Every structure is written in structure tokens, then in C-alpha cells.
1. Viscosity 1.306 mPa s, temperature 10 °C: what is the translational diffusion coefficient of region 305-392 from Stokes-Einstein with a Kirkwood Rh over Cα pairs, rounded to a whole number of µm²/s?
2. Could you compute the FRET efficiency for V437 and Y507, with r as their C-beta to C-beta distance and R0 at 45 Å, rounded to 0.05?
3. Let a ≥ b ≥ c be the square roots of the eigenvalues of the Cα gyration tensor of region 150-245; is it rounded (a/c under 1.5), or, if not, prolate (a/b larger than b/c) or oblate?
4. Which of rounded, prolate, oblate describes region 710-808, given a ≥ b ≥ c as roots of the alpha-carbon gyration tensor eigenvalues and a/c under 1.5 marking rounded, otherwise prolate only if a/b is larger than b/c?
5. Give me the extension gain from N232 to E423: residue separation times 0.36 nm, minus the current Cα-Cα distance, reported in nm with one decimal.
6. Could you go through region 54-68 in sequence order and give the Karplus-derived ³J(HN,Hα) for each residue, using 6.51 cos²θ - 1.76 cosθ + 1.60 with θ = phi - 60°, rounded to whole Hz, and x for Gly and Pro?
7. Round to the nearest 0.05 the FRET efficiency obtained for E466 and D531 when R0 = 30 Å and r is the Cβ-Cβ distance.
8. State, to one decimal in nm, how far the label point of L782 lies from the label point of A132, with both points 7 Å from Cα in the Cβ direction.
Amino acid sequence: MDEIRFEFDCDTSVPHFHGELEILYVLTGRCAVMTAKNNYLLSSEDFAVYNPYEHHEIYREAGAHTVSAYISLPILQQANLGRVKCCSKLQPDQADYLSMIRMNLAVVFKEVTDSPDLRRLQILSHLFGLLAILKSQFELPESYELHPTQEIERIQKVLIYIGQHFSEELSLQTVSDLVHLSKSQLSRDFHKILRISFSDYLRQLRLNKAEYLLRTKRQSVTDIALECGFSNTNTFILNFRQQYHITPGNYRRCYEKQASPQPQEGIAAISGTLSYMNLLKYAAKEEAVLPLNKRSTLPTRIEIDTRENLGELQLHHNDTTSLGWAEQLLHEEVRDAVRDSVKTIGFQSVLFFGIFDDSLDFYHEDQNGEPWLSFTYIDLILDFLVDLNITLQIQLGYTPKLLTKDRQHVFGNSCIGLPDNLEKWKFLVSGFLEHLVYRYGIELVSLWSFTPEQLLFVQYGVFSLEDYLYYYETTWKILQKQLPGVMWKAPVFDIDFLSVDGFDILYRFLDYCRQKSCLPTQLSVQSFCMDHAKYDRAVTENRIQAKMDQQPGEPAPISADESVLQHRLQKLRSCLDEYGYSDLPISVFGWNTTLWQNDLGNDTCFKAAAVVKHCLESRNLVTAMAMAHLTDNSERRVMNSNPYHGGYGILNYYGIPKAAYYAMMFLTLLKNHGDIILAEGDGYIVTRSGEGRKLQILLYHYCHYDEQNHLTEWIPLEEQRTIDRYMGFVQKGTRSFAIHLQNMIPGNYLKRSFSVNREHGSSYDQWMTMGAPDLQNRTQKLYLTKISTYGALYENVLIGKSGSFNLSTVLDEHEVRLILLEKR
């Protein structure tokens, strides 16, 4: 755009003069700035505004980076902006207005570098908004006197004239006549104030303009030379080579060659370091409250006959939830999270693993090697869950260290090797089951389900399939002896691995079970939507097992398939049907959009739309979907004290709901009110109650990971607090829906609209608005929980005799909205 341009780490080897208004923004490090009246130091996120032809010099310390916005004179004239005095370092009392300038500047920067042609009007809107702030709050009154010397006033007049006429033939005599000085006097004054000669300044100005045109325009070298005031091409080439040590033509070719191989566009092409986020994060704050200013598409038009019946709605998002390690249920903050989510989301059962883990002090041996069991901690956990009146799904693992010699393979601090002594293993499992029946009664325990150690560790190469199958059969026989006919959900395959390795391991398992008559009641699987083909299996395992101080990155790349969970479950279902197991149900033991417990997108609104999308798409393929995990506490591997560190729970480790939590709640409301499906498509589902007095419309705007901008390495705490996490997703802009409902029952309706977006329902975004505090006291936590609840709007609607109703709405990126219409 001609109205504004950006330059990074501007060359400061010559005095800084230009005919545009400059906003100098410090991204990282520090910069010393000298002007005619002030010397000061700018730090990271400081900025200063310089009027056209205002003398200033900049000295960056090593490692410092800046970005400068240059606003053209015609735009300044349209805004009727006079001279301003604006510097964040010198005017701390204007903090609110300085923040507004940062937000507008950040949005303009983002839009100019992303899509200046498509977003021209929005860019100008924010640009004039920025200038309006400068004019109303920082413009100097006409009577304001800077007390410049007469020499400075003359030189400023000279610089303005040079800036307007540099492309013409200029001489020292011409400008000296302008200010009524002799050539020698003007030459002395010019060098005294600017510390550069008149001829060198004019040459430098012309070369700077030429260098910019070579990078941005397709004009010939000759045309550029003449446009920039050089008398002929040879003179231009000679001066350009002296300045840049390369000819203009070669400079352009080198620049194009350097830029062309980069697949990124826009921000991605310049954000090689995280330093730009010290500006871009302000765009995130501005865009969060102005979604309608984003790029939008044509509305999705939906025609719905409310008498339609496309089948019964089956949702499994709240059939069960994964609590992670059993030991976490000894902590009161986790118990509070379970209580609240059972009440709010309506979880009917819970699953957890590690009931035999050494952290619960369960298995012991005396000095003669005779085993004995201690149920103290196990009873505390199970008593709590039984009191909630929910069903339990218990994984019979991990293996106590006394029962295995495999100390190499650990998950956290837990052994995942198989037991070496199966007789002692039989004693352990039998004793555990007998205790359950004695304490809770066989009627209740028979309603629970059990699963053995996960077969997915075979896929990791921890133990062989042959060893696992023998262990599996042994465990199954013990269970059937104690609890005949109990639910046996086994053996937990990782379908992400199956998509890479093939289904041979599944077929071998099923063949063995058919031979030994030990088929599971349901086939359990997990998926974290990863593409394991891109990493060596050992790399993934090492990153998962890495110690906390090693700060591992993403264990495996995310899949580029937006509907990967649905597609992999469909493939699994197809394979089971073809192999003669069409009656074998599939239960999802654990799923998430990433295997990484420090993926910063996990805390954002992205997860809300992802939850709705995957739960709706996969609902007819499974009998249960347990999201891993309910809270961040279950991870065991929190890298730092940041309350939003990218954990994949739907509550953070303080028990504060994230956006995904409310998305789960919306699905429960849909499940409780909508029996019959009326319409379904990309980004929406519409249902009604059996008698038609209640209508439910669930909308979501899912934006997938951006492979170019998605972070794959752990970053320090301070970067986590400042980076714009939404840059890691595809920028689709807003999405609008136009819905026409027909054949409704006439009468008065209550319309309730619930929303989760960056303004409502996202505790992460509210935490950022608060300044990303450490949440050191209960008051802060309660306040954050209260202000980050979902949005709600209530309206009365009258449906006339025609039974028609039109509804239109706009969703921001990653937004989820539930609209309920209930006849009074």
C-alpha cells in the first residue's frame, strides 16, 4: 500500500530523515534514540512517533529488533494531523491511549503483511483510527512552541522541499535561495545540524527510494533511476554499487531469489522469530472484540422443515471422561473438578489408569518374597467416585516394579512393562477384584468395566505381541472367574499407529481371541490425531518419556486432515466389518487433537470448536468417547507454573474451565433437548424435541492448525504469556449463517443464545486481558472463573401463522454457538 509501509531493523548508519510520519516500535532489546530536543532509551514494546522531516537517530543494542511504520503525507493531510508528541517512554500517564495505538498498529501490520489488497478498507479504517488517537490525544496545539533555533527551522524547511522535489534537478543554490542564505552558509548549517553534507544527504535519499522501488515495483532500472532524480542510468548504477556493493539489477535478482523459495505468505514469511509477537499480540486483543472486521465469506444458507426427521440424535461426548492417573484423585482440586463436571456436563462414567501403580502403595512383598496388598489409597479413590453415583472404568495397570524387571520403559514414573511372574500377577488381580466385591457388592461392581494394560505399547515396541497376548488371556480369565460377564473393554489400540503400520496387528489380536474365546466386549482405541509417519517411532517415545527439565517439543506432527478422527474410526469400522466383527462395538478410551501436553493451542477457543466438530462427526461410529483428559492435573508433567501452559485438559490445574469445557456443556444441552435431527452439515447441526416444541441449533467455526505457523517446540514462560497463540491456526475470518425455519408451531418462544468465543467462555483470553498473572491467590482464581463464563442472550420471539422464522448470525474463528428455541 502507498498509504503505509513497514520496514524492519531500519539502517541507522545515516541520520534518519524522511518525508513520512514514522512510528518506531521496539520488538526486542533496547534502542537509544536522539532527537533535536530529547535523548531517551526505548525498551521492548516501547514506541515513539516522529513527525515528517523530524531529525532522529537510532542506535540498537546487539540483538535488538525494531519495526517502523511509515505513513504517507497525503494520508496525514486527509486526517488533518499536525505535529504530534508521542512516546510511550515519556508519556506513561497516557497508558490507555498508548495501548490503543499499539492495537491499531498491530492490526494494520498484520493485515498489510497478510493481504493488503483484500483488506484495504479495513486497513485504512484502523490506520485512520490510529491517526485519530494521535490527533485527539497527542497533537501539539498551534500555540505550542518547540523553541527550535532559527537554523533548525531553516533546515526543516529545506528538508521538506527536498522531500517533495528530490526526483527533480536540485542544487545547493536552489535550496539556499529558498531560505535566503548563501550557499556556503547553508552548507555549514546543514552539516552542523544533520552531520552530513547536502550532496550526500540528497544522494542517500535518492538511493533509499530507489532501493525500495527495486524491491516493490516492476519498473525498469532506467525508469527507477530517472524517477529518483538521477540524471542517467550509469550515474545511478555507479552510486548504487558504491552504497550497496552490488548493481541494481543484481540486487533485485538476489532479493527475488531469496524470497521466492519461501512457501510462507504474509506474517509467516517474516515471523521467523517470536519477537514479532510483541506487536502481534495486540492485534489479538483488538480482533477478539471486533470479529466483524475480519475477512468474511458468503453466508451458509440453511433451509429447514421442522417436521423433518433424519434420525435419532446419538451423542457420546459425556458417556465417559478420562481422569488420567488414579493417584490424582487423591487431590481435592481434581475431586472438585470431577464433581462440577459430573453435575454440569453430565458425565455418566469415568475411566482412569494406574490403579496398581506404585504411587498408590498397593503391592508389597515380605522378606520371603510373599506378596501382600494394601488398599488404603485405592479405597479413598473408589469411595469418592462411588459416592458420585457414576460408573467406573478401571484399567488394570500399571505393573508394580516388584513384578517386572523392565525398568527401562516408564511413563512418567510408572512401569509399563508386563509382569514377569504371572502367578503373583494373578494374586494381585484376584485380590483386587475380591476386595471390590466385598466392599461395594457384586451388583454394583458388575456394572463397571475393566481393561488390561494397553496394547498400544506393543506398537511402541515396549513388549512383543506374543507376550502381550498371553498376559491378556491370563488377565481375562481372572476377571471372568471373579465377575462372569462383566464389561471387558480391551485392549486399547492407537489408531494413529494403525493408519501408518496397517491393521495386521489388529487381525492377529482378533484371531487369537477367537481361538482362545476371550474376545473383548468392546474394542477400545485411542487417537491423538497425529501423523506418526513423519517422525521415527523412537523420537516420539523419547519425547513422551522425557524428563521435565528436558523441555521436549511436539512428540509427533499433527495430522493435516481436519476430520482425521472420523476418517480413522471409519477405516477401523470398515476393517472390523470386513473381517467378520461387525457386531464388535468401538469405545474411544482417550482422544485429543494433539499428543503434546504443552501445545499452546489447547488453552484457546480452538479446542471448543474442535470438541464439537470431532464429537459430532464421530458420534455414529462409537459407543463412547472419552476425551483425554478432564484436567491438566492428570498430566504429571507441568513444565512450569504458567496456569495456561498448553495442557490438554478442559480445565486448567486450578480447576478453571477452558473454552472446551463450555463446548462440552453445549453438547450436553443439545443431547438433553434434541431427540431428532432436522439438518446437519459443515459447521452446524439442527435438532428438535419429539413433539416439536423445542428446537436446537448448534453452530461452530472450526479452523485447523496452520502447518507453517504451528509451534512445535517448547518456548519459555514469558514467551507463552506474550505470543499470539491464534497465529498457529488457519486464518479463515468470520463465518455467517442464514437459517430459514419452516412449519414451526405458531406461538411465543423463548430464544436463548449461548456462545463461546474469545470474548466469552475463554478463560485463557480473559487471563491474557488481565495481564497473564500467576493466579497466586483464591480471589484472582474466582474472579477469572466468573468473568470467563460463556455468553448468554435471551429474547422473546413470536412465530406467526405461517410458521416461518429467519435467523442470521456471524461466528468468529473458533467460535461455538448454541441457539435454543422453546415454545412457551
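1. Taking Rh from Cα pairs, D becomes 103 µm²/s.
2. Given R0 = 45 Å and the Cβ-Cβ separation, E is 0.80.
3. Working: a/c = 2.32, a/b = 2.11, b/c = 1.10.
Verdict is prolate for region 150-245.
4. Taking the square roots of the gyration eigenvalues as a ≥ b ≥ c, region 710-808 is oblate.
5. Length difference between fully extended and current span is 59.2 nm.
6. After applying 6.51 cos²θ - 1.76 cosθ + 1.60, I find 8, 5, 7, 10, 10, 10, 8, 6, 4, x, 7, 9, 9, 10, 10 Hz.
7. The computed FRET efficiency comes out at 0.55.
8. 4.0 nm
Each reported figure results from applying straightforward, stated rules to the coordinates on display, with no laboratory input. All figures in this text were calculated on a predicted structure; none of them were measured in a lab. Positions of Cβ are generated from backbone atoms using ideal geometry, with glycine treated the same way; all protein chains shown enter the neighbour counts.
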